[in-house]
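To start, the structure itself, in structure tokens.
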């Protein structure tokens, strides 16, 4: 590998992760403003024009907070848990193509950090890692509410991960490829979007993605009304911020993956690909926020029943239907 | 985990986890503390611990004159101040054999129903917030703001109104009272529809509340439950119908009843009561008679302020009432129950013939309703405890007093 391609990779990593972190920061503001709009409030609009500096102020506040470790906590795991949750949340975006290949100085540059041919498997593998941070964080706090939160988290993960994987099988049967770039290239017009071919698969995947991000109606591990803060009760300062950022990075990654798999990724007329990609991602981010502002929370036995008795059979049915259609 | 200061309840079993829900907890509506024994997430035993907000209100009232004690009633159930004023005033009026002019009676019913709306709106918002539907909270508080503005117009205070006094009202109704009520009557029905759109047929809401917190009609009567918590179990007992006061018998309204005895039916009952309250308010404002807003009995009721400056007699009455207080005609006792937002609320007042009550005892609906919580949550999950706390609609100010 020559110096040029190495520096290209580094440049892509820096640009995409910086963009992601920026989106994470402004996702908090976006969510608060949208939720405020839905609830007939103003939302944060005092720090900077339209509250645009609010994420910075929040970050500064969280960074300067005292970092408390509860007595009797397992210090190593307690400090490691936020990192274990945060890092996988950032990794998913590595295989998502954000734009078409770019020809620059006679070189073809793919607009994805790593265009691996098992992209979907990578996403599934990475997505299921994040939950370990939550389980470990709750367990290592040596506190009762976080313990309950982390137990709920493991129950929840078992319930939706199977359906999440199976929901994608139908898509794989249609596209015949694990590579995200390949899947995007197949959806060159709106009629070829996978949402047309896999409507049920999309609905299942969207629900599972919502569950994976631990947000209402699936925010059982933190459920502030029941478990105070759930797994993150004992975390403060930057460690809390890392859990928080992981949640938002997960939402963005989920939106990006939904866009890529079902809505033609960066494909679109007139506007540059990256703009189309962002428009679609923001659309789904809005959807996530809207759901949060509207729905109540599941109870955890209901979530498990929902996962095993509704999502799983539907995912299997989806595979069956896809198979029949493909054979015919 | 042994360093928590909770004493084990019952035989200690290593498999059970004991957890303190409250007194600082986002969903215990104040400072309620529930000591839960958990097997996994299943509640084996639930013991409410109260008293964190005890302010000795009953005792304080015994050390004040009858009119001063009125201000303490605002602070009992701070979500329904007018209803507390109402219940206290009725008991004092019975003790003093005071007459209340018709205008005051109708206005009191109107205000009491507005306060019931206020109380139910806060209940709906917080109950939904506990179950995760965050937006409901802001919608109901938006409507509550209109009501608080109206209370402020009437009494000068948003929450601690002290507006309904023995003998009538403290001031006359504000000039634009009628107009404000018409606006409320016009806008609220569609707002209530909006709440129902968000919750009533929401599958998650139904899952979370249906079949949760069941209490049989026999148990409900046995524990002395009142209000929507009782009516959710299908028992038709509403003080306004069973034992009408202040002219409720002249009003046409229904008492919504549940049948499944669960949180969902209690929710439906209260939402239906919101509509019934609007119905009563409409009748009260349509039929609001003219006339004096408080009794002309100068022995017990303050004269109008203008007369105090112009008439010698009125000034003497004013001085006597303010300096010496109202002195009851005889020794005696009085109790008048009313239907507050939470259930049967009554003040039991014993007089020894002096200017201060000898004993004031509040019959608080929340305190008695809360006593049945273990019946509703034992054997169920932690998440259900939250739903049940919401559905019995407690205010800790009233539980602890």
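The values are calculated or read from the model by the stated rules, or taken from the named source; none is laboratory data. Note that the coordinates shown come from a computational prediction; the quantities given were computed from them, not determined experimentally. Here the Cβ is made from the backbone with ideal geometry for all residues, glycine too, and neighbour counts use every protein chain on show.
Can you tell me which residue is farthest from the other protein chains (Cβ to nearest Cβ) among those in the stretch A:216-242 that are modelled with pLDDT of 80 or more and under 19 Å from residue A:160 (Cβ atoms)? In this case the residue turns out to be A:231. Does residue B:274 fit the bill of being in contact with a helix residue (DSSP H, G or I) (Cβ under 9 Å, 6 or more places away or on another chain), closer than 30 Å to residue B:375 by Cβ, in a helix (DSSP H, G or I) and assigned by TED's automatic domain parsing to the domain that holds residue B:219? Answer is yes for this residue.
Conditions: (1) closer than 26 Å to residue A:310 by Cα; (2) away from chain B (no Cβ under 14 Å); (3) more than 15 Å from the chain's Cα centre (by Cα). Residue A:128 meets all but one. Number of the miss? Of (1) closer than 26 Å to residue A:310 by Cα; (2) away from chain B (no Cβ under 14 Å); (3) more than 15 Å from the chain's Cα centre (by Cα), only one is false for residue A:128: (3).
Looking at B:91, B:87, B:112, which is the one that is at pLDDT 90 or above, more than 22 Å from residue B:158 (Cβ to Cβ) and touching a strand residue (DSSP E or B) at 6+ places or on another chain (Cβ under 9 Å)?
Being at pLDDT 90 or above, more than 22 Å from residue B:158 (Cβ to Cβ) and touching a strand residue (DSSP E or B) at 6+ places or on another chain (Cβ under 9 Å) holds for just one of B:91, B:87, B:112, which is B:91.
For the stretch B:183-199, state whether one or more residues are part of a loop (DSSP other than H, G, I, E, B) and modelled with pLDDT under 90.
As a first pass, look at the stretch B:183-199 and keep what is part of a loop (DSSP other than H, G, I, E, B): none.
Looking through the stretch B:183-199, none of the residues is part of a loop (DSSP other than H, G, I, E, B) and modelled with pLDDT under 90.
When we screen A:291, A:257 for residues that are closer than 26 Å to residue A:85 by Cβ, touching a residue at least 40 places away in the same chain (Cβ under 8 Å), within 21 Å of the chain's Cα centre (by Cα) and surrounded by fewer than 18 Cβ atoms within 10 Å (Cβ to Cβ), the only hit is A:291.
Note on the stretch B:203-218: among residues that are part of a loop (DSSP other than H, G, I, E, B) and free of Cβ contacts under 8 Å to residues at least 60 places away in the same chain, the one that is farthest from the other protein chains (Cβ to nearest Cβ) is B:216. Determine if the stretch B:107-125 includes at least one residue that is crowded, with 23+ Cβ neighbours inside 10 Å and either within 14 Å of another protein chain (Cβ to nearest Cβ) or outside any helix (DSSP H, G or I) (or both). Scanning the stretch B:107-125, I find at least one residue that is crowded, with 23+ Cβ neighbours inside 10 Å and either within 14 Å of another protein chain (Cβ to nearest Cβ) or outside any helix (DSSP H, G or I) (or both), so the answer is yes. Taking the numbered list (1) closer than 22 Å to residue A:120 by Cβ; (2) touching a helix residue (DSSP H, G or I) at 6+ places or on another chain (Cβ under 6 Å) in turn, residue A:321 passes all entries but (2). Tally time: how many residues in the stretch B:263-296 are farther than 25 Å from residue B:229 by Cα, out of contact with any strand residue (DSSP E or B) (no Cβ under 8 Å at 6 or more places or on another chain) and buried (at least 16 other Cβ atoms within 10 Å of the Cβ)? The qualifying residues number 5. Condition check: within 14 Å of chain A (Cβ to nearest Cβ) and buried (at least 22 other Cβ atoms within 10 Å of the Cβ). Does residue B:336 satisfy that? No, not satisfied. In the stretch A:195-219, the qualifying residues are those that are over 17 Å from the mean Cα position of the chain (by Cα) and crowded, with 23+ Cβ neighbours inside 10 Å, and the one that is farthest from residue A:159 (Cα to Cα) is A:198. Test residue A:180 against the criterion of being touching a helix residue (DSSP H, G or I) at 6+ places or on another chain (Cβ under 6 Å), away from every other protein chain (no Cβ under 14 Å) and buried (at least 23 other Cβ atoms within 10 Å of the Cβ), and give yes or no. So residue A:180 passes the test.
Do the conditions hold for residue B:334, that is, is it outside the structural domain of residue B:228 (by TED's automatic domain parsing) and either in contact (Cβ under 8 Å) with a residue 12 or more places away in the chain or more than 23 Å from the chain's Cα centre (by Cα) (or both)?
Values: outside the structural domain of residue B:228 (by TED's automatic domain parsing): yes; either in contact (Cβ under 8 Å) with a residue 12 or more places away in the chain or more than 23 Å from the chain's Cα centre (by Cα) (or both): yes.
Criteria met by residue B:334.
Checked against (1) free of Cβ contacts under 8 Å to residues at least 24 places away in the same chain; (2) touching a helix residue (DSSP H, G or I) at 6+ places or on another chain (Cβ under 8 Å); (3) within 14 Å of chain B (Cβ to nearest Cβ); (4) closer than 24 Å to residue A:255 by Cα, residue A:41 passes all but condition (4). In the set (1) surrounded by fewer than 22 Cβ atoms within 10 Å (Cβ to Cβ); (2) at pLDDT 90 or above, the condition left unmet by residue B:135 is number (2). Every listed requirement among (1) surrounded by 15 or more Cβ atoms within 10 Å (Cβ to Cβ); (2) closer than 17 Å to residue A:256 by Cα; (3) at pLDDT 85 or above is met by residue A:15 save one, (1). Considering the stretch A:253-305, the residues that are within 14 Å of chain B (Cβ to nearest Cβ) and outside any helix (DSSP H, G or I) include one that is farthest from residue B:210 (Cα to Cα), namely A:295. With A:212, A:182 as the choices, which residue is under 30 Å from residue B:36 (Cα atoms) and modelled with pLDDT under 85? Only one candidate passes the filter, namely A:212. For the stretch A:1-32, residues that are outside any loop (DSSP other than H, G, I, E, B) and either within 14 Å of chain B (Cβ to nearest Cβ) or under 30 Å from residue A:106 (Cα atoms) (or both) total 20. For residue B:221, the criteria (1) under 30 Å from residue B:242 (Cβ atoms); (2) in a loop (DSSP other than H, G, I, E, B); (3) away from chain A (no Cβ under 14 Å) hold in every case but one, which is (2).
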